[in-house]
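A.B. asks: Quick one: this structure, given as C-alpha cells, is what I'll be asking you about.
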Amino acid sequence: MTDDDWIDVLVRAADAVKADLDAFEDKLAMGVRPDQYAFDLAADAAVLAVIEPTGAGTFSEESGVRPGSTSELVVIDPVDGST
C-alpha cells in the first residue's frame, strides 16, 4: 500500500471510532480489565474492522497482537488517556 492508501485507511478508522463513540451511551461502563472502559473496546473493534482487511498485523493496547498477512504492523491505542 502507498502512503496515500494508508492515510485513507487511517482516516476511515478515525471516522469509525468517532461514529461509535458518538453513539456510545454509557461512557463509564467498565471493560474486561479494571483499567479499561467499554468504550475502549468499542473503539478498538471499530479500528480493527477497518485495519484488518488491509492484511496488516495489529498491536493494540486493548486486544493485543494480531498477526497479519503482510509485513506491515499498525500500533493502536484507540482512546489514549481514558484512565
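Laboratory data are not the source of any read-out in this text; all were calculated from the coordinates shown. Just so it is clear, the model here is predicted, and its values are computed rather than measured. Neighbour counts run over all protein chains shown; Cβ positions are idealised from the backbone, glycine included.
A.B. asks: Can you find, among LEU41, ILE7, VAL79, the residue sitting farthest towards the positive end of the charge dipole of the chain, where Lys and Arg contribute +1 and Asp and Glu -1 at Cβ?
C.D. replies: Most positive-ward Cα: LEU41.
A.B. asks: Let me ask another. Decide, for segment 1-42, between rounded, prolate and oblate: order the square roots of the alpha carbon gyration tensor eigenvalues as a ≥ b ≥ c, take rounded if a/c falls under 1.5, and otherwise choose prolate if a/b is larger than b/c, else oblate. Show your work: numbers first, answer last.
C.D. replies: Values: a/c = 5.98, a/b = 2.24, b/c = 2.67.
Taking the square roots of the gyration eigenvalues as a ≥ b ≥ c, segment 1-42 is oblate.
A.B. asks: Which cross-chain or sequence-distant (5 or more) residues have an amide H under 5 Å from the amide H of TYR37, H modelled 1.01 Å from N in plane?
C.D. replies: For TYR37, the qualifying residues are GLY31.
A.B. asks: Something else about it: So which trypsin sites (Lys or Arg not before Pro) in segment 1-74 pass both tests, a DSSP loop state and at most 13 other Cβ atoms within 10 Å of the Cβ? Could you put the intermediate results ahead of the total?
C.D. replies: Details: sites: ARG12, LYS18, LYS27; in loops: LYS27.
Here the sparse-neighbourhood loop sites are LYS27.
A.B. asks: Suppose the Debye formula is applied to equal point scatterers at every Cα of the chain; what is log10 I(q)/I(0) at q = 0.23 Å⁻¹?
C.D. replies: Cα-only, vacuum Debye calculation for the chain: -1.09.
A.B. asks: What is the helix-to-structure angle for 3-23, meaning the angle in degrees between its Cα long axis and the longest Cα principal axis of the chain, kept from 0 to 90 and rounded to the nearest 10?
C.D. replies: Value to nearest ten degrees: 20.
A.B. asks: Further question on the same structure: Please give the calculated 222 nm ellipticity per residue for the chain, where each DSSP H segment of at least 4 residues contributes -39500 (n - 2.57) and the sum is spread over every residue; nearest 500 deg cm²/dmol? Spell out each step's value before the answer.
C.D. replies: Working: 2 runs with 35 residues, N = 83.
For the chain, the value works out to -14000 deg cm²/dmol.
A.B. asks: Continuing with this model, one more query. Sequence-distant or interchain residues sharing an amide H contact under 5 Å with GLU72, placed H: which?
C.D. replies: Result for GLU72 returns GLY57.
A.B. asks: Okay, moving on. Along the Cα→Cβ direction, 7 angstrom out, place labels at GLU52 and SER71. What is the inter-label distance in nm?
C.D. replies: 2.5
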